[in-house]
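Notes for the one structure printed next.
The values are calculated or read from the model by the stated rules, or taken from the named source; none is laboratory data. If you're wondering where the values come from, they're calculated on a predicted model, not measured in any experiment. Note that we place each Cβ from the backbone using ideal geometry, even for glycine, and neighbour counts take in every protein chain shown. What goes into the accessible areas is simple: the full protein's heavy atoms, side chains included, and nothing from ligands, DNA or RNA. Shrake-Rupley method; radii C 1.70, N 1.55, O 1.52, S 1.80 Å.
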Amino acid sequence: MTRLTKFSHSFILRKHVPTVLFGLLLLIVVLSSAGSAAEKDAMTLRLGGCGGVYFYAPAGELWVEVEKQDLNIRRNKTHLRALLFAPDRSVVDEVWISDDGLAARSGPGPVQRALLRTNVKRPGVYGLNITVTEDRYGENVSWGFRSNCRKYLVETSRGHKDARHEEPLIFRNAGRQGDVGFVPPIKPFSIDVSGLTKSVKDLPIYDGDGKKMMTLAVSPEGKARHDFPADKSRNRKLWRLHLNDAQAAINIDGVTRWNKGEARENLSLWTPDLSSWFAFHENRWLLTPYSRNVYADAGSEGTVSFEVHNNGPASKRVKLSLEFDSDAVWPAKLVKTEVELEANSSSQILLAYKVPSKGTEWKCYVRATVLDETGFSTWSSITLRRGIAPAMSPLKIPVKLEPYRHENEQFGYLPEYPLDNQVYFDMKNRPFGISSDGVFSLRGGAWLKITKARRGDTDRVIPIRPLGSKIAFDRDNDVYFLGRDGSSTVLLRSGDHGATFTAWPVPGSGKFDIEQFSGHNVTSGPPPLARFHLTATDPKLIWRRINDLDLILPAGKSDGSIVMDDPIAVSKKCIGLSAHSGIPSTIVSRADKVHIAWGEATLPQEKAPGVPTYVATYNRSTGRLGSPALVGYGPPANDVHNSPCITIDSKGYLHVLIGTHGRTFKYVRSLLPNSANGGWTKAEDVGAGLRQTYVGMVCDRDDTLHLVFRLWLNDNKYFPAGYYANLAYMSRRPGMKWSDARPLVVAAFSEYSIFYHRLTIDRKGALFLSYDYWSTFWFYRTDHRGNRRSLLMSPDGGNTWKLAPTTEFLQ
């Protein structure tokens, strides 16, 4: 049901979201404040950027009033989305505050306000998430908030940039005083302030007790900077930077900018009021996952795993307890009720359950309480439902991800197989997968991880540190993947189906790729390798890279050892390899022919139509590399995103997709089988006007090509403005045209996203699509601990898709 209620000239799109089910959708107009024009335009805070607020909320009503003002600097449509969520990340209220509709360069528009509220039954950490369409950096809007919650922290965040992560605090409250409360680091740090008005001559800094510690001098240009030496006495102490005129851009090391790996990296927490501070830094991600949905049969028993995490620098004890809705106790029990954690460590806990004989749905809450002077406490929820999870059935495509409602929340997806990376299948169709510290395989009905290997050249035992996520298998079903041993690269091999591994040194340094199965390529020995050695970058074109590309052909011997032939120089101008999404195939082999595809950098003044893409064939029998064949151009030029992908069909014909960055892929096929030197079809667009990036392609047993990629759309189907990302699918049957692009997964937020997708195929022709949704918005990403990877599969050549069940690998 919708309702249109008129109050004035501006609009809010409001969606009330109960804890479990989405409810009433209302379209109303912004209610302007009563009083003078100055009072109407007054904002409690005028902040730049995006981000949100965390509230340490007691029981009772919680309300948050969000304020927004369009700056109208540009013509982009700045619709602000505000989400109020509970400790288990259920969205309890939601509102869109629309663009004010005024022209670009017309100046700041009217202040718009919206009220979000919920009834807090269980105290804990609630949150407010703020994003803006067509303005992921929050440069064309100001926002602020008021709340009845006394304990809160602001987390200023924006969309990502391809640069060092910084979240400067932007204050636009000229004529009003303001404060920045924060915890300074104990190591050396700096404060930089710019954009101050001429009325500001100095900036005082106070400690948590209100004592002035020092004053920063302000230059005639409205800037101030101070470098602080290391001081352990600052540990966990609050400071307050005061502004007599709160118009400024503020950067503080450890608060708005970080060095990689430091303790509070990416936690841009601060407050305008020191009395609102609560112990959130050291208790971030105290209990995860925030929620779990479980499906099971009546009378069955099971466990759900949670992680208790200590994000602080000192050890702590955490008490765990179960809570139920009133008079709704059911058979659920925590295996542990208290854990002790060292600094920056985690521990797994289990909740054991039995499905009751009566009823269809049951809920309980795991509460974690820190046993220290703060008494910090929050909770996660478990919902148990009788029956079969929707994840077990073919899905209605596309899957529309919603904020804080991904595959488990929507479909009960809770697999028992590892989700670290994509899955590969050996010659007997047994699954394997790479983790950060080893390799998984299914053995005897259980997933086992091997974490140690033996150096073949020194007999030394080394930890497995995989390089990349690809796994290869040869005709004898030996297993291969790349790894690191210190600063050197190694090729790991198993001759006993993954039970043990031996590591063999790979010459040179740089980025490496390995030939993996893409449908019809099976090597008779160790797989070929490609080595990308970066030789130059371009400070004016950040995606222009120049690499030496070499082909390395490992040779296996009868005693199980591997030796590397001398690298074969392929190109001195290779653009590089983009492999975090799509993981395109660089190499395919058949018999004694090895085919390699790559793109090259060009001189900017040449105005090339794109990245020139080449394919060359190396003949093992003659020991010769054929002349490179230029097969097409992937726009734009000088962009490392535009990595090509090569595969081979059952007849030996080579198929290449020429990579692009936000443009349409181009497709070519060799005119002769198993050769790059017999001519190619003319490069053709795979579709009309598609904004594609990150090629992932395989070829099935019927020689149908399957393609997965990121697709930009801006049709306003899911969001009022802005573009949004889709994980999309296409196919091409032999002799036919490419199918229409079909979105499989739609992003939870508009603006930039990627899916870290990887498409693989098993030995029976089933497709497996591993993906991990990644939004540009730091606030959303930082809130989640761990990855969000899921595994889709299609058993029928891409016609239907479902979330891969655990039983799929046990057949």
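What the table shows:
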| quantity | calculated |
| --- | --- |
| Hits among aspartates and glutamates - C-alpha to C-alpha of K121 under 16 Å, sequence gap 8 or more where chains match | E61, D88, D93, E323, D325, D327 |
| Rounded to whole Å, sorted largest first: equivalent-ellipsoid semi-axes of the stretch 725-772, Cα gyration tensor | 23, 16, 7 |
| Heavy-atom accessible area per residue - the stretch 410-464, 1.4 Å, Å² | 46 Å² |
| Sequence-distant aspartates and glutamates (8 or more away, or on other chains) whose Cα lies within less than 16 Å of K764 | D426, D649, D700, D702, D703, D796, E808 |
| Distance histogram in 10 Å bins (all Cα pairs of the stretch 50-132, percent per bin) | 18, 44, 23, 12, 2 |
| Label-point separation in nm, A499 to N148, each point 7 Å along Cα→Cβ | 6.7 nm |
| Where a label projected 7 Å from the Cα of S357 along Cα→Cβ would reach, residues of the stretch 288-317 with amide N under 16 Å | 297-301 |
| In Hz, Karplus ³J(HN,Hα) per residue of the stretch 91-108 (6.51, -1.76, 1.60; θ = phi - 60°; x = Gly, Pro) | 7, 9, 7, 8, 8, 9, 9, 6, 4, 7, x, 7, 6, 4, 6, 8, x, x |
| By average C-beta atoms within 10 angstrom, highest first, the peptides 678-686, 520-528, 214-222 | 520-528, 678-686, 214-222 |
| Under 5 Å, built H, 5+ apart or other chain: amide partners of G632 | T613 |
| Å³ per residue enclosed by the Cα convex hull of the stretch 174-316 | 165 Å³ |
| Over the chain: helical MRE at 222 nm, DSSP H runs n ≥ 4 each giving -39500 (n - 2.57), nearest 500 | -500 deg cm²/dmol |
| Per-residue HN-Hα couplings for the stretch 562-568 [Karplus 6.51, -1.76, 1.60; θ = phi - 60°; Hz; x = Gly/Pro] | 10, 10, 9, 5, 4, x, 9 |
| Neighbourhood charge, 11 Å Cβ-Cβ cut-off, centred on T622 and excluding it, Lys, Arg +1 and Asp, Glu -1 | +2 |
| Mean-position separation - Cα centroids, the stretch 618-669 and the stretch 688-731, in angstrom | 19 Å |
| Surface per residue (accessible, 1.4 Å probe) for the stretch 578-694, Å² | 35 Å² |
| Most to least accessible of K223, K449, K540 (protein chains only, probe 1.4 Å) | K540, K223, K449 |
| Accessible carbon and sulfur surface of the chain relative to its total accessible area, %, 1.4 Å | 51 percent |
| R75 paired with K201, simple spin-label distance in nm, labels 7 Å along Cα-to-beta-carbon | 4.7 nm |
| With eigenvalues of the C-alpha gyration tensor scaled by 5 and rooted, the chain, Å | 47, 32, 28 |
| FRET E, pair K717, I542, Förster distance 41 Å, beta-carbon r, rounded to 0.05 | 0.80 |
| Nearby aspartates and glutamates by direct alpha-carbon distance to K607 (threshold 18 angstrom, same-chain neighbours under 8 apart not counted) | D538, D639 |
| Part-to-part distance (alpha-carbon centres) for the stretch 143-167 and the stretch 46-79, which is given in Å | 9 Å |
| Förster radius 30 Å - calculated FRET efficiency between R164 and D209, Cβ distance, rounded to 0.05 | 0.30 |
| Using θ = phi - 60° and Karplus 6.51 cos²θ - 1.76 cosθ + 1.60, couplings along the stretch 380-388 (whole Hz; Gly, Pro as x) | 10, 10, 10, 10, 9, 10, 7, x, 9 |
| Of K572/K651; K187/K260; K68/K363, those spanning more than 25 Å from alpha-carbon to alpha-carbon | K572/K651; K68/K363 |
| Tail fraction, Cα-Cα pairs, the stretch 396-530, threshold 23 Å, whole percent | 38 percent |
